[in-house]
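The values are calculated or read from the model by the stated rules, or taken from the named source; none is laboratory data. What you see is a predicted model; the values in this text were computed from it and never measured. Neighbour counts run over all protein chains shown; Cβ positions are idealised from the backbone, glycine included.
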Amino acid sequence: MDNLLAQLTELTGAISGFLWGNLVTLGLLLGMGLYLTIRTGFIQVRGLTHAMAVTRGKHTRHDEAGEVSHFQALSTALSATIGTGNIAGVATAISLGGPGALFWMWVTAVFGMATKFVECTLAVRYREIDDSGEVSGGPMYTLLHGLNFPRLAALFAFFALIAALGIGNMVQANSVVDGLRFIWPELGEYGWMVGVVLGILVGLVILGGIRRIARAAAMLVPVMATVYMAGALIVLVAHAPQIPAAFATILEYALNPWSVGGAAVGEAIRWGVARGMFSNEAGLGSSPIAHAAARTNEPVREGLVAMLEPFIDTLIVCTLTGLVIIVTGAYLTSGDDMVGASLTAFAFSQTLGEAGGWMVGISLTLFAFSTMIAWSYYGDRSARFLFGEGAVMPYRVVFTLLVVVGAAVPLQLVWNLADITNLLMALPNLLSLALLAGVVATLQREYFARQGILNK
């Protein structure tokens, strides 16, 4: 069995390396974000203030179609993006790609804001609402109704279904065990027990559908993010003199091949873009499934709310994690076995002692739990699209059971599978964004004119 797992890890690693290690893939992901940034007239800047106002409840009505509020939709999507990518993903990017990887995560986030705006605007524009008011939306419906590409729509839904079991399930359970192992080494032999507990808690929430998921996310996300960021800020205040040097190191390893070598810069780009996309999910096509359920008749309004995800997730939370790892020197002094969440826990513990490790372990558990419940919804909407309403409940049961499996599978194998399914999901979604960007630009102009923010 161990030999088979080793072979699978090697095979999936080779596939993942090929998909993510070439300039075509990286150029496609960053290039699409740049194109959409220009096509929307730098929506990241023009629409940021209005997006924050909408999230606070302004410019909204409660009698519009949909199932959840703007804040609940954003919280649900953030509960999926603020997860192991912010703790384990950043640590993996820095340990394998060097400090410069954090810069390329920033680049992915800035362009990703435009990508999120476009894909989530389209999700509301082409969503379906049944007679009971239940919403189904996302790239599969955009591909079906916006472009009349039923086969590509089914392909996206299939990849999303599989990805939900990997990136949204087993990766999360696995990283929880990895983080807790740092503060409780004996737990490594009982990962399945952690999986059982997580599975029970996940099942209790997801059986209630999007409304229960959204309520849980709206309560969890603000608290867990605030606690984690507070801990990171304490570490950074203690290492304030090292922060300028940390930024200099990040920029040098990201942009200066003459100083650190072309290979080092290349690895920084590779791991920064891969982990940046894993963390904020811009272009992946997952978040639009949650945002499609928002209570609004204005697609652009929800697109603007969605745009805040990469800003919060990557430019704030991931930056704090990365700076803690760099200013403490943890990426240089940790053992070779510390690659993911355990590296972040080690970095926090350098300043906060045992409490730092516990803080990361508890935060990781909450982050992973919230990610699981959000991704379960992405998966069940995909199952509904492919097989009908009757497939939703069996899917939720399978999803819950696989939490236990994920807690016991080797970390690298799970990450490899997540990277592969990430890209396979992204490709049909990116095609729809390229072909329908003009539709979004028209909707944007009309909405901005109605709101009087054309020149803001």
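Results, tabulated for the structure shown:
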read-out	value
Subset of region 363-388 (residues that are free of Cβ contacts under 8 Å to residues at least 40 places away in the same chain and assigned to a helix (DSSP H, G or I))	387
Any hit, region 308-316, residues being in contact with a Phe, Trp or Tyr (Cβ under 7 Å, 6 or more places away or on another chain), modelled with pLDDT of 90 or more and surrounded by fewer than 24 Cβ atoms within 10 Å (Cβ to Cβ)	yes
Residue within region 323-332 that is in contact (Cβ under 8 Å) with a residue 60 or more places away in the chain, closer than 21 Å to residue 374 by Cβ, of a type outside the set (D, E, K, R) and crowded, with 21+ Cβ neighbours inside 10 Å present	no
Selected residue (only one of 324, 305 is more than 19 Å from residue 227 (Cα to Cα), in contact with a Ser or Thr (Cβ under 8 Å, 6 or more places away or on another chain) and assigned to a helix (DSSP H, G or I))	305
Enumeration of residues in region 214-264 that are touching a helix residue (DSSP H, G or I) at 6+ places or on another chain (Cβ under 8 Å) and not in a helix (DSSP H, G or I)	239, 256
Test: residue in region 132-149 that is more than 19 Å from residue 386 (Cβ to Cβ), in a loop (DSSP other than H, G, I, E, B) and either among the polar types (S, T, N, Q) or out of contact with any strand residue (DSSP E or B) (no Cβ under 7 Å at 6 or more places or on another chain) (or both)	yes
Count - residues of region 178-214 that are under 18 Å from residue 89 (Cα atoms) and modelled with pLDDT of 75 or more	0
Checklist (1) modelled with pLDDT of 85 or more; (2) under 17 Å from the mean Cα position of the chain (by Cα); (3) farther than 23 Å from residue 341 by Cα applied to residue 48, failing item	(2)
Out of 65, 6, 93, 88, sole residue that is assigned to a helix (DSSP H, G or I) and either farther than 30 Å from residue 251 by Cβ or of a type in the set (Asp, Glu) (or both)	6
In region 82-137, residue nearest to the chain's Cα centre (by Cα) [restricted to those that are buried (at least 24 other Cβ atoms within 10 Å of the Cβ), over 30 Å from residue 442 (Cα atoms) and hydroxyl-bearing (Ser, Thr, Tyr)]	84
Long-range neighbours under 9 Å by Cβ, at least six apart or interchain, first residue part of a helix (DSSP H, G or I) within region 390-408, second among the acidic types (Asp, Glu) and at pLDDT below 90	391/380; 392/380; 393/380; 395/380; 396/380; 399/380
Among the candidates 332, 427, residue that is in a helix (DSSP H, G or I) and under 30 Å from residue 240 (Cα atoms)	332
Residue 311 part of a helix (DSSP H, G or I) and either among the hydroxyl-bearing types (Ser, Thr, Tyr) or more than 30 Å from residue 57 (Cβ to Cβ) (or both)	no
Tally of residues being of a type outside the set (D, E, K, R), surrounded by fewer than 24 Cβ atoms within 10 Å (Cβ to Cβ) and in contact with a helix residue (DSSP H, G or I) (Cβ under 6 Å, 6 or more places away or on another chain) across region 265-295	3
Single residue of 90, 110 found to be touching a helix residue (DSSP H, G or I) at 6+ places or on another chain (Cβ under 6 Å), of a type in the set (Val, Ile, Thr) and in contact (Cβ under 8 Å) with a residue 12 or more places away in the chain	90
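Every residue, every condition in (1) of a type outside the set (D, E, K, R); (2) over 29 Å from residue 47 (Cβ atoms); (3) modelled with pLDDT of 90 or more, yes or no:
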{"position": "102", "(1), (2), (3)": "yes, no, yes"}
{"position": "107", "(1), (2), (3)": "yes, no, yes"}
{"position": "113", "(1), (2), (3)": "yes, no, yes"}
{"position": "125", "(1), (2), (3)": "no, no, yes"}
{"position": "129", "(1), (2), (3)": "yes, no, no"}
{"position": "135", "(1), (2), (3)": "yes, no, no"}
{"position": "139", "(1), (2), (3)": "yes, no, yes"}
{"position": "160", "(1), (2), (3)": "yes, no, yes"}
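To keep it simple, each residue is scored yes or no on (1) free of Cβ contacts under 8 Å to residues at least 40 places away in the same chain; (2) within 20 Å of residue 316 (Cα to Cα).
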position: 44; (1), (2): no, yes
position: 52; (1), (2): no, yes
position: 58; (1), (2): yes, no
position: 68; (1), (2): no, no
position: 74; (1), (2): no, yes
position: 84; (1), (2): no, yes
